[in-house]
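Heads up, the thing below is written out as structure tokens.
Just so you know, all these numbers are worked out from the coordinates, no wet-lab data involved. Computed from a prediction, not measured in an experiment: that's the story for all the values here. Positions of Cβ are backbone-derived with ideal geometry, glycine not excepted, and every protein chain shown enters the neighbour counts.
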Amino acid sequence: MNNRARAAALAVFDAINTGELSGLDDLVTEDFVDHGSPFPLPPGPAGYRQVLTFVHHVLGIRYTIDDIFDTDDRVVVRATATGVGVDTIHGPGTEGKSYQMTTVHIYRTEGSLLAEHWGVRDELGARIQLGSLPAPDPGAFANAPQGA
């Protein structure tokens, strides 16, 4: 177990929630890579600060931690994100609408620091909540083959 890396991951989520991202320099390695960024980033704290600024200020994301565990070189966080729709990102008519999205975050660690991040987000569910994509037709399931 790596309690110091777990504390670093939790501090990242606190930073996202508050928008106070200056502490990232003490939480991630100089060559940190965020594999889940929607746009190219430079490695290290500056790049991570760039994407988390977007997450906090543009998307209005705030996280609630649902579960966390760690191993010698990984920290895994399951969290619920609450955000605000942005027309240019989520589609016309979504501006200002709130949504919730389940997420999973995997960090590779080096000692007490975070070295890499992979994120899995239920963006489809968020878009359905925002109304920019239709919900699946429940009738489609009635015609599905049974017990394959």
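Here's a check for you: in the stretch 22-69, which residue that is closer than 17 Å to T103 by Cα and of a type in the set (S, T, N, Q) is surrounded by the most Cβ atoms within 10 Å (Cβ to Cβ)?
Result: S37.
What is the residue count in the stretch 84-128 for residues that are among the polar types (S, T, N, Q) and touching a Pro at 6+ places or on another chain (Cβ under 8 Å)? Write out each step before concluding.
Restricting attention to the stretch 84-128, the residues satisfying the condition of being among the polar types (S, T, N, Q) are 88, 94, 98, 100, 102-103, 109, 112.
In the following step, the residues that additionally are touching a Pro at 6+ places or on another chain (Cβ under 8 Å) were identified as none.
The number of residues fulfilling the criteria is 0.
Residues that are without any contact (Cβ under 8 Å) to a residue 60 or more places away in the chain, at least 3 per element: which strands (runs of 3 or more DSSP E) completely within the stretch 40-121 meet that?
62-70, 74-84, 98-110
Please name all residue pairs, on different chains or six or more residues apart, with Cβ atoms under 9 Å, provided the first residue is in the stretch 130-144 and is surrounded by 10 or more Cβ atoms within 10 Å (Cβ to Cβ) and the second residue is among the basic types (K, R).
Close Cβ pairs (under 9 Å, with a partner that is among the basic types (K, R)) amount to L130/K97; G131/K97; L133/R127.
Just a yes or no: is a residue in the stretch 41-48 over 17 Å from the mean Cα position of the chain (by Cα), small (G, A, S) and within 24 Å of G83 (Cα to Cα)?
The answer is yes; a qualifying residue exists.
Would you check if T109 is within 30 Å of N2 (Cβ to Cβ), of a type in the set (S, T, N, Q), in contact with an Asp or Glu (Cβ under 7 Å, 6 or more places away or on another chain) and surrounded by 15 or more Cβ atoms within 10 Å (Cβ to Cβ)?
When the stated conditions are applied, T109 passes them.
Inspect the stretch 25-38 for any residue being more than 20 Å from V75 (Cα to Cα) and not in a strand (DSSP E or B) and give the result as yes or no.
yes
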